[in-house]
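Chemist: Here it is: the structure, laid out below.
The values are calculated or read from the model by the stated rules, or taken from the named source; none is laboratory data. Quantities reported herein were computed from a predicted structural model and do not represent experimental measurements. Virtual Cβ from ideal backbone geometry, glycine too; neighbours counted across all protein chains shown.
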Amino acid sequence: MTRGKPRNDHVEIVIQAHGNQGAYWKEIWRYRELIYFLCWRDVLVRYKQTAIGVMWAVLRPVLTIVVFSSFGALFHIDTHGSERLLLVSAGTLPWMLFSSGLQEASMSLVSNANLLTKVYFPRLIVPLSAIFVCLVDFLIALLILAGLMIYYAKTPGMDVVFLPMFLILALFSTAGSGVLLSALTVKYRDFRYVVPFLIQLGFFVSPIGFSSADVYSSGRIPGWVKFIYSLNPMVAVIEGFRWSLLRDRFLAQWTVVGLSGVVALSLAFIGCWYFRKVEIQFADII
Amino acid sequence: MSSIAVRAEHLTKQYVLRRQQIGNYTALRDVLMDKAKSFFTNGLSKPARETLLALDDVSFSIPWGERVGIIGKNGAGKSTLLKILSRIVTPTAGRVTLKGRVASLLEVGTGFHPELTGRENIFLNGAVLGMSRDEIRNKFDDIVAFAEIERFLDTPVKRYSSGMYVRLAFSVVAHLEADILLVDEVLAVGDAAFQKKSLGRMREVGGEGRTVLFVSHNMDAVQRLCNRGILLAKGKQVATGTIDNVVRTYLEASDRSQAEYCVGTPEEAVPGYVQAIRIESDDGIASAEIPSCKPFAVNVRFQINQALEHFIVAAGIVTMMGQPVRTVWSKARPLELGQYKALFSFDDIYLACGMYKLVIGLSEYERSFHYVDDVASFEILDATDGSADARIVNYRSGLILNQCRVEIFPQ
């Protein structure tokens, strides 16, 4: 009988009742290519399945921007001196990153159930790769904003160096809530209906078609409502985009940005904590 | 340096079966209702929870390079064991140590996407199974050659024949650089030639010093592939040893004298289900020992819970090695709610001596809703009363004893 030596005998896997804690993040790093491959699969499949493929990534935001700008013009919503199309697109694009990320991530585990019950990998990869797909869409959709800026001959100032910071803030908020909702959707299928409702609600309380100036400078809105309004991390993200790209007045003061950072990090922390907690049961209950 | 590749210690997996629950996920409403109820009743009446021990204190260690077959009836815990070793489900108690890289093949083509081409799916499937991009690139040509799909590399796999699909999927796994390979009955698919090829490949893998764990119902494949065996029954480890001994224990444990079998009520709501199976000799007496070349009958009692339009009941005879011998079915007909009995008379074909299993299926419009295998079995005994044409009556002359007309002419 042949009795060989293992090639990878330094690798040792221990399986225990409560999962193994320490090596988790190391393992995600080891499986990082899988994030890329799952993301690549989703983009590729959409491109093959739909007639206009990647054009959807442009068409959806364009239509939203057009409709919102028309409404804004119709109801004379104050743009505080900016071009309406620029104001609306700088609000729509990050919002779409957040909302589609949330939507895709929350359904990602359920729609990849066949993978979860048949093969092992750190489950966190599934919602994360769903969000990366939305990031790809977002980067394509940014071309719209670039086109509009060229049209209006608007060049960003030095503040543009802060743009990545706001993008990271958006990604952390999306990932945190997306991961949390994905785990909740596996455990309680009701969240399938809760998520679209949450997104719809968020759509109305985020400064997409209007400027936060209308909220912050309004005398009719009490202070505690303004505080709750600022808890929405997308307020800081959207106003940050407008400020760093369009040289808008910076409406979301740094305290608001700091507050949003805390909210985003807490979301990411709670999301990961809850996900890790229920992850070991996924294959049993999905 | 120890030479143990897989060490399992007191492995236990308990499932909680919730009563009256269709589907296996929880609705938030139920949780809230339960919480509310237990609040009002002070937690005195806990919701009814039944538990099932899918694995019960299983311990074993497998040295490097061994090829181990895990056998047992349906529900014995084979798949649960493999899923724990693959890290898909976590055990309720116990501990497993695996040395080296593990690859598990629980299904053919995990992660394959029908819209993607063969080429794209090789990369996707490889990544899902834990291969790096460079590794897949290096192995790419070998994978394609082994699967014999060169010409269809850029065709979406949804246009593949099922044989091509299986070949490609198996080929990716066969080229994994894993030290421990966990395989569920996937070799049962694909055509005979490819089955032979993949069995050969698996043996090679074992020969290269890798450790293989193989779960199957097909005793023939298990015996050809493995050198050691573990027998599970109802979650417990019953026998361990050389594969031939373990297979013999398994075959002998199948109860031979029993002729009436009760089938458990299915947990989920179904249009109908088999309640009992009875094997009768030609005089109508329940007997699981049928003399060769004598007719026998299978009596199936079943319950129908809703009116059906296109009902069919089918019975199959399968050898203990897992080879189907014959399948017969009733004419489609509508059925009202109620209890029924179906009588299958096997009086036209004589089977060789040996043990056989019965498979019973109920279906509506070709969709099977209850399927019973591994419950009932019977034995064809050597005819001794002289009535049969008692020439050669064993497996060696073939499974079917009926003779055809043979004439010899001068030429």
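Chemist: Return the only residue of A:V110, A:V133 being of a type in the set (A, V, I, L, M, F, W, C), crowded, with 19+ Cβ neighbours inside 10 Å, closer than 30 Å to B:R87 by Cα and out of contact with any Leu (no Cβ under 6 Å at 6 or more places or on another chain). Even if it seems obvious, please write down each step before you answer.
Modeler: Values: A:V110 fails: crowded, with 19+ Cβ neighbours inside 10 Å.
The unique qualifying residue is A:V133.
Chemist: If I ask for residues that are surrounded by fewer than 17 Cβ atoms within 10 Å (Cβ to Cβ), closer than 14 Å to B:S216 by Cα and modelled with pLDDT of 65 or more, which ones from the range B:187-203 would you list?
Modeler: The one that is surrounded by fewer than 17 Cβ atoms within 10 Å (Cβ to Cβ), closer than 14 Å to B:S216 by Cα and modelled with pLDDT of 65 or more: B:L199.
Chemist: Is at least one residue of the range B:359-369 part of a loop (DSSP other than H, G, I, E, B) and of a type in the set (F, W, Y)?
Modeler: yes
Chemist: So for the range A:45-63 (the condition being under 21 Å from A:L145 (Cβ atoms) and crowded, with 19+ Cβ neighbours inside 10 Å), does at least one residue qualify?
Modeler: Yes, the conditions are met somewhere in the range A:45-63.
Chemist: Collect the residues in the range A:179-196 that are buried (at least 18 other Cβ atoms within 10 Å of the Cβ), closer than 10 Å to A:V110 by Cβ and within 13 Å of another protein chain (Cβ to nearest Cβ), keeping them in residue-number order.
Modeler: Across the range A:179-196, the qualifying residues are A:T185, A:V186, A:F191.
Chemist: Quick check: anything in the range A:219-240 buried (at least 17 other Cβ atoms within 10 Å of the Cβ), under 18 Å from A:A170 (Cβ atoms), touching a residue at least 40 places away in the same chain (Cβ under 8 Å) and among the charged types (D, E, K, R)? It would help to see each step written out before you state the result.
Modeler: Keep residues of the range A:219-240 that are buried (at least 17 other Cβ atoms within 10 Å of the Cβ), which gives A:229-230, A:232-240.
Keeping just the survivors that are under 18 Å from A:A170 (Cβ atoms) gives A:229-230, A:232-240.
Filter once more, keeping what is touching a residue at least 40 places away in the same chain (Cβ under 8 Å): A:233-234, A:236-238, A:240.
Adding the requirement that they be among the charged types (D, E, K, R) leaves none.
No: the range A:219-240 contains no residue that is buried (at least 17 other Cβ atoms within 10 Å of the Cβ), under 18 Å from A:A170 (Cβ atoms), touching a residue at least 40 places away in the same chain (Cβ under 8 Å) and among the charged types (D, E, K, R).
Chemist: Taking the range B:90-105 as the search range and keeping residues that are within 7 Å of another protein chain (Cβ to nearest Cβ) and farther than 19 Å from B:G235 by Cβ, which one is surrounded by the fewest Cβ atoms within 10 Å (Cβ to Cβ)?
Modeler: The qualifying residue surrounded by the fewest Cβ atoms within 10 Å (Cβ to Cβ) is B:T97.
Chemist: Among the listed residues A:S212, A:S108, identify the single one that is among the small types (G, A, S) and in contact with an Asp or Glu (Cβ under 7 Å, 6 or more places away or on another chain).
Modeler: A:S212
Chemist: In the range B:111-144, how many residues are in a helix (DSSP H, G or I), at the interface with another protein chain (Cβ under 7 Å from one of its Cβ atoms) and within 31 Å of the chain's Cα centre (by Cα)? Even if it seems obvious, please write down each step before you answer.
Modeler: First pass over the range B:111-144, keeping only residues in a helix (DSSP H, G or I): B:118-128, B:133-144.
From what is left, the residues that are at the interface with another protein chain (Cβ under 7 Å from one of its Cβ atoms) are B:120, B:123-124, B:127-128, B:133.
Okay, now just the ones that are also within 31 Å of the chain's Cα centre (by Cα), so B:120, B:123-124, B:127-128.
Of the residues in that region, 5 qualify.
Conditions (1) under 29 Å from B:V247 (Cα atoms); (2) touching a Cys at 6+ places or on another chain (Cβ under 6 Å); (3) exposed (fewer than 14 other Cβ atoms within 10 Å of the Cβ), marked per residue:
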| site | (1), (2), (3) |
| --- | --- |
| B:R278 | yes, no, no |
| B:G284 | no, no, yes |
| B:V298 | yes, no, no |
| B:F311 | no, no, no |
| B:M321 | yes, no, no |
| B:T327 | yes, no, yes |
| B:P334 | no, no, yes |
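Chemist: While we're looking at this one, here's another question. Which of (1) under 15 Å from the mean Cα position of the chain (by Cα); (2) at pLDDT 85 or above; (3) more than 11 Å from every other protein chain (Cβ to nearest Cβ) is the odd one out, the single condition B:V58 does not satisfy?
Modeler: (1)
Chemist: Would you mention how many residues in the range A:34-68 are over 14 Å from B:N121 (Cα atoms), touching a helix residue (DSSP H, G or I) at 6+ places or on another chain (Cβ under 6 Å) and either facing chain B (nearest Cβ under 10 Å) or without any contact (Cβ under 8 Å) to a residue 60 or more places away in the chain (or both)?
Modeler: 4
Chemist: Something else: How many residues, within the range B:145-180, are surrounded by fewer than 21 Cβ atoms within 10 Å (Cβ to Cβ), assigned to a helix (DSSP H, G or I), modelled with pLDDT under 85 and within 14 Å of another protein chain (Cβ to nearest Cβ)?
Modeler: Residues flagged as surrounded by fewer than 21 Cβ atoms within 10 Å (Cβ to Cβ), assigned to a helix (DSSP H, G or I), modelled with pLDDT under 85 and within 14 Å of another protein chain (Cβ to nearest Cβ) within the range B:145-180 amount to 0.
Chemist: For A:D248, which of the numbered conditions (1) outside any loop (DSSP other than H, G, I, E, B); (2) touching a Lys or Arg at 6+ places or on another chain (Cβ under 7 Å) fails to hold?
Modeler: Only one criterion is unmet by A:D248, namely (1).
Chemist: Given the range A:50-140, what helices (runs of 4 or more DSSP H) lie entirely inside it while holding 1 or more residues that are touching a strand residue (DSSP E or B) at 6+ places or on another chain (Cβ under 9 Å)?
Modeler: none
Chemist: Would you check if B:G163 is assigned by TED's automatic domain parsing to the domain that holds B:S198 and on the phi < 0 side of the Ramachandran plot?
Modeler: Values: assigned by TED's automatic domain parsing to the domain that holds B:S198: yes; on the phi < 0 side of the Ramachandran plot: yes.
When the stated conditions are applied, B:G163 passes them.
Chemist: What are the pairs, 6+ residues apart or on separate chains, where a residue within the range B:320-349 that is in the same structural domain as B:I360 (by TED's automatic domain parsing) has its Cβ under 8 Å from a residue that is hydroxyl-bearing (S, T, Y) and in a strand (DSSP E or B)?
Modeler: Note: pairs meeting the criteria are B:M320/B:Y356; B:M320/B:S377; B:V325/B:T319; B:V325/B:Y356.
Chemist: Condition (residue is touching a His at 6+ places or on another chain (Cβ under 7 Å) and facing another protein chain (nearest Cβ under 10 Å)) applied to the range B:79-89: is it met by at least one residue?
Modeler: Checked against the condition, which is being touching a His at 6+ places or on another chain (Cβ under 7 Å) and facing another protein chain (nearest Cβ under 10 Å), the range B:79-89 yields no hits at all.
Chemist: Something else: Name every residue in the range A:10-31 that is loosely packed, with under 14 Cβ neighbours inside 10 Å, at pLDDT 80 or above and either farther than 30 Å from B:L11 by Cα or within 10 Å of another protein chain (Cβ to nearest Cβ) (or both), in order of residue number.
Modeler: A:V14
Chemist: Exactly one of these conditions fails for A:L171: (1) among the aliphatic types (A, V, I, L, M); (2) surrounded by 19 or more Cβ atoms within 10 Å (Cβ to Cβ); (3) within 14 Å of chain B (Cβ to nearest Cβ). Give me its number.
Modeler: Here A:L171 meets the rest and fails (3).
Chemist: Another question, then. For the condition within 14 Å of chain B (Cβ to nearest Cβ), in contact with a Gly (Cβ under 7 Å, 6 or more places away or on another chain) and touching a residue at least 40 places away in the same chain (Cβ under 8 Å), what is the one hit in A:I286, A:I280?
Modeler: A:I280
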